[in-house]
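Some notes on the structure that comes next.
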Amino acid sequence: MMKKVLALLSVCLLVFGLAGNVMAFNPDSADGITFYEMRDQFGEVPNIETELRLGAVAKAFENEYWRTLRTGYEAMEEKLNNKGMDVEIDVRAAQGENDEQGQLSIVQNMINNEYSALLLSPISDGNLVPGVESANEKGIPVVNVNDGIIENAPNYVGPRAIQNGELAAEWISEKLNGEGEVAIVVGMPKAFAARQRTIGFENWMEENAPGIDIVERQNADWDRLKAMDLANIWLKTHPNLKAIFCNNDTMALGVQEAVNNAGKDILVVGVDGIGEAYDSIRNGEMDATIDSFPFYKAQVAVEATLRVMGGQDIPRVVWTPQALIDSSNVDASAEEIIDWKDPEF
């Protein structure tokens, strides 16, 4: 009974961000559509004939995930200009994934320089709210890309973060035949994705795999070394540990290093689908990752932004694709996995 009470308390703390953050807007449960449905319902992307300067702000380029998102923005810029549009996408990021004020300063500078639209991936659920308030007042379109959540942003584009955890839980449960001890490495508790990925994992296990016992749950703030240190402790205190789910691949790679050093056979699953995680899976180390395909997510975000600017009344939330990657599909192309096609203009 006490274990269930503690588990419920932990979930509640995650929902409130461990810091009193209460969100009225949750894109995971909102009335949204997939990007496939967006294309089916709204057809071709409007051709904006004026010169456009879009400001895209990521978290930090120290993480390969955000570098890949930048590459996706750059690819979309080239595609648009090849179609005769005059588009510049200025992609910037904070100095680190804790530099909330620095990221806000980038956004404010873009607003002051009257960028045509903003595509923002905030570090936390609150740090870019003042900037978006200013953008809204000036009539600059804002699209919240991925995470955290900007409650006053008119549009959101990204995957259902809760499904990241659900996919990981289902895969781990199948591999363990529904029995065994597992642990969770949480990202930054203030980040929407960290909370939702953890809740999705825990809820799926509770509802579908009562024989799975979640014995540890601690945050490592998206940091590889912190995650490795946690794993080193857990491997000693829980000799029967069978799997570790990490809220992103950077932390999963740190956990995998600890597992390798200990000579253990423990399932390690991450989220993001970065190249190093793919290589680790190919090498028989990391077992799986949930890829949300940031290269294509960036392109969907730009597409949605152009639809908004062209007067299309798309829903507030557009979900982008994701898939679990393991040894069975690690060498398949992303285009094949998500059935990617460029939009029609």
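The values are calculated or read from the model by the stated rules, or taken from the named source; none is laboratory data. Note that the coordinates shown come from a computational prediction; the quantities given were computed from them, not determined experimentally. As a convention, Cβ positions derive from the backbone with ideal geometry for all residues, glycine included, and neighbour counts pool all protein chains shown. Surface areas here come from the heavy atoms of the whole protein model, side chains and all, with no ligands, DNA or RNA. Shrake-Rupley method; radii C 1.70, N 1.55, O 1.52, S 1.80 Å.
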>> With the condition being in contact with a Gly (Cβ under 6 Å, 6 or more places away or on another chain) and not basic (Lys, Arg), I'd like the strands (runs of 3 or more DSSP E) fully within segment 254-320 carrying at least 1 qualifying residues.
In response: 288-291, 317-319
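Can you name the residue in segment 80-131 that is open to solvent by 50 Å² or more (accessible area, probe 1.4 Å) and touching a helix residue (DSSP H, G or I) at 6+ places or on another chain (Cβ under 8 Å) and is also farthest from Val143 (Cα to Cα) among such residues? Walk me through it before giving the result.
Taking segment 80-131 as the starting set, the residues that turn out to be open to solvent by 50 Å² or more (accessible area, probe 1.4 Å) are 81-84, 86, 88, 92, 95, 98, 101, 105, 108-109, 112-114, 130.
Of the ones still in play, those that are also touching a helix residue (DSSP H, G or I) at 6+ places or on another chain (Cβ under 8 Å) are 88, 92, 95, 108, 114, 130.
Values: Glu88: 16, Arg92: 15, Gln95: 22, Gln108: 15, Glu114: 16, Pro130: 15 Å.
Going through the qualifying residues, I end up with Gln95.
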> If you take the residues of segment 198-218 that are in contact with a strand residue (DSSP E or B) (Cβ under 6 Å, 6 or more places away or on another chain) and touching a residue at least 60 places away in the same chain (Cβ under 8 Å), which of them is most open to solvent (accessible area, probe 1.4 Å)?
Replying inline: Arg217
> For Met188, which of the numbered conditions (1) among the aliphatic types (A, V, I, L, M); (2) modelled with pLDDT of 95 or more; (3) in contact with a helix residue (DSSP H, G or I) (Cβ under 8 Å, 6 or more places away or on another chain) fails to hold?
Replying inline: (2)
>> For segment 200-247, give me each residue that is assigned to a strand (DSSP E or B) and within 22 Å of the chain's Cα centre (by Cα).
In response: Arg217, Gln218, Asn219, Ala243, Ile244, Phe245, Cys246
>> So if I check each of Asn164, Asn155, Asn146, which one is in contact with a strand residue (DSSP E or B) (Cβ under 6 Å, 6 or more places away or on another chain), modelled with pLDDT under 95 and polar (S, T, N, Q)?
In response: Asn146
